[in-house]
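The values are calculated or read from the model by the stated rules, or taken from the named source; none is laboratory data. What you see is a predicted model, and the numbers here were worked out from it, not measured in a lab. Cβ coordinates were reconstructed from backbone atoms using ideal geometry, including for glycine residues, and neighbour counts include every protein chain displayed. Note: areas computed on protein heavy atoms with side chains; ligands, DNA, RNA excluded. Shrake-Rupley method; radii C 1.70, N 1.55, O 1.52, S 1.80 Å.
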Amino acid sequence: MEAKDFKRWRKSLGMSQKDAAKALGLKPRIIQYYEKGERDGESVKVPRSIRLACYALAHGITDYHGPRPEEES
């Protein structure tokens, strides 16, 4: 996920940077770094865990508590 893709994700959900930070459990400043793609001149990449959380949020999943009892082996 590139910086422009991260920003597009946030805007597609109608979230402010503050909303996105809260939904992802991050500080708003981190959202700014991800959208800019850099921090203090250094490249910043969106971690896989955050990319997966973005996917989940885009599909209406706001939390996960593990498999349901009937799904256990």
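Scanning region 33-47 for residues that are touching a Phe, Trp or Tyr at 6+ places or on another chain (Cβ under 8 Å) and open to solvent by less than 60 Å² (accessible area, probe 1.4 Å) returns Tyr34, Glu35, Val44, Val46. Tallying residues that are of a type outside the set (Phe, Trp, Tyr) and either touching a Lys or Arg at 6+ places or on another chain (Cβ under 8 Å) or part of a loop (DSSP other than H, G, I, E, B) (or both) within region 33-47 yields 8.
Here is a yes/no grid of residues against (1) assigned to a loop (DSSP other than H, G, I, E, B); (2) touching a residue at least 60 places away in the same chain (Cβ under 8 Å); (3) open to solvent by 90 Å² or more (accessible area, probe 1.4 Å); (4) not polar (S, T, N, Q):
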{"site": "Phe6", "(1), (2), (3), (4)": "no, no, no, yes"}
{"site": "Gly14", "(1), (2), (3), (4)": "yes, no, no, yes"}
{"site": "Asp19", "(1), (2), (3), (4)": "no, no, no, yes"}
{"site": "Ile31", "(1), (2), (3), (4)": "no, no, no, yes"}
{"site": "Ser49", "(1), (2), (3), (4)": "no, no, no, no"}
